[in-house]
Structures are given as C-alpha cells and as structure tokens.
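Read-outs throughout are calculated quantities, based only on the coordinates presented, and are distinct from any laboratory measurement. Remember, it's a predicted structure, so these values are computed and weren't measured experimentally. No Cβ is skipped: glycine too gets one built from the backbone with ideal geometry, and neighbour counts run over all protein chains shown.
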Amino acid sequence: MTEAKTDELQREGPMVRVMSTGVLLAGLALGIAELVGVPATVTATTRPEPETTEVKIDNFTFGPPELTVNAGTTITWTNRDDIPHTVVSTDKVFKSKVLDTGERFSFTFTTPGTVTYFCSIHPKMTGKVVVK
C-alpha cells in the first residue's frame with residue numbers, strides 16, 4: 001500500500017472499515033450465490049411509507065362516504081361536527097369511543113375486502129372502505 005493511501009485510510013478511520021466490510025459482505029454474498037447456482041443480484045430495498053388518509057365527520061355525514069385504499073393504509077376520522085359521533089364497523093372489527101368536536105379516531109386496514117361502518121349514535125350515518 002502506498003504511503004498516500006495509508007494516510008488517507010488513517011484520516012477516514014472507522015468509516016473506511018465499515019464501507020469495506022459492506023463491500024466484503026456483498027462480494028461474499030455474490031460468491032456464495034454463484035457457488036450454489038442462485039442468480040447473483042444484490043438490490044437495495046426500501047420500505048414504502050405507510051399510507052394515510054382522512055375522513056371528516058361533518059353535518060351528520062362521513063366525507064368522503066366511500067374510500068378505496070391499499071392494505072396497510074391508516075384512516076383517521078375527525079369529528080368536525082358540533083355534536084358527538086362514533087365510528088363503528090358493521091363487522092365489529094373497530095369501534096371508536098364517542099368523539100367530541102375535534103377528536104380523532106384511527107384504524108389501519110390490513111386485510112383486503114369491503115368494510116362498512118356507521119355512527120352508533122346516528123345509525124343513518126354510514127360509510128364504506130374498500131381495501132385492495
């Protein structure tokens with residue numbers, strides 16, 4: 001190793017070792033994959049941000065009254081009405097407490113299907129979530 005390269009490594013310290021370890025591990029993985037006959041690809045993966053959306057409760061309605069979302073989406077209902085409301089699924093999967101003005105209730109939809117819901121105080125208030 002040249003003296004200039006040694007000086008450079010000393011200045012960068014542990015970061016070079018960490019980067020070298022990562023390169024070494026990636027190379028090792030590729031070598032093992034080649035030995036066992038697995039296609040040799042290394043890809044970086046990122047987790048998608050969880051989806052969120054909001055339903056407003058106002059004037060005795062859920063708005064929007066129907067939503068289509070991907071599995072994993074969290075919906076937050078916010079009571080913007082002057083009177084209390086609830087959010088209750090007809091299949092009893094979720095049930096909010098009584099929400100006063102400005103209060104919120106959230107639920108994460110993990111299973112594909114259609115979920116209908118209503119306000120247990122005002123049963124004519126209904127909504128629907130379609131989960132893909």
Next on the checklist: Which count do you get for residues in region 106-132 that are part of a loop (DSSP other than H, G, I, E, B) and of a type outside the set (D, E, K, R)?
Outcome noted: 9
Next on the checklist: Just to verify a result, which residue in region 58-81, among those that are in contact with a Lys or Arg (Cβ under 6 Å, 6 or more places away or on another chain) and not in a loop (DSSP other than H, G, I, E, B), is nearest to LYS128 (Cα to Cα)?
Outcome noted: GLU66
Checklist entry - THR101 is checked against (1) farther than 26 Å from GLU49 by Cβ; (2) surrounded by fewer than 16 Cβ atoms within 10 Å (Cβ to Cβ); (3) in contact with a Phe, Trp or Tyr (Cβ under 7 Å, 6 or more places away or on another chain) and fails just one. What number does that condition carry? => result (3)
Checklist entry - Within region 82-90, can one find any residue that is of a type in the set (Val, Ile, Thr), closer than 15 Å to VAL131 by Cα, crowded, with 18+ Cβ neighbours inside 10 Å and touching a residue at least 12 places away in the same chain (Cβ under 8 Å)? => result no
